[in-house]
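These notes concern the structure reproduced below.
Read-outs throughout are calculated quantities, based only on the coordinates presented, and are distinct from any laboratory measurement. As the structure is a prediction and not an experimental result, all values here were calculated from the model. Every residue, glycine among them, receives a Cβ derived from its backbone with ideal geometry; neighbour counts consider all protein chains shown.
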Amino acid sequence: MLGQAGPDCNRHTGDDRVRLCMRPWLMWGVPSFIFLIAFFHRVAPGTVAKELMAAFQGGGALVGLLSSLYFYAYAGLMLPAGLLAGLILAFLILGLRYVISLSRQDE
């Protein structure tokens, strides 16, 4: 919740202290790193635009097309990737429940 203090790292020792005190940094750091990668994907074609125009013997429209292809491919693969992830996750959950239920029958 907003306004609540984080974990009191001084009360804990050993592995608990590392686990509790690093969690907020991980929850902030991982999405920040992913955003940084996405930022470089957006900015990279603009920084090498002149070299791209020289290499492909084209103009600004070609550089714009090359820059947009990443996002078109990303948008086009969102639905299949989401469906595949949902399908795999569903099979993992159902398989895990099946294994647990089989192990409980022997007791």
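Observations
- Subset tally (residues that are among the hydrophobic types (A, V, I, L, M, F, W, C) and surrounded by 11 or more Cβ atoms within 10 Å (Cβ to Cβ)) for the stretch 70-83: 3
- Among the residues of the stretch 27-49, those identified as in a helix (DSSP H, G or I) and within 18 Å of Leu69 (Cα to Cα) are Ile37, Ala38, Phe39, Phe40, His41, Arg42, Val43, Ala44, Pro45, Gly46, Thr47, Ala49.
- Qualifying positions in the stretch 84-105 - more than 17 Å from the chain's Cα centre (by Cα), surrounded by 10 or more Cβ atoms within 10 Å (Cβ to Cβ) and among the small types (Gly, Ala, Ser): Ala90, Gly95
- Failed item in (1) part of a helix (DSSP H, G or I); (2) surrounded by 12 or more Cβ atoms within 10 Å (Cβ to Cβ), with Gly58 passing the rest: (1)
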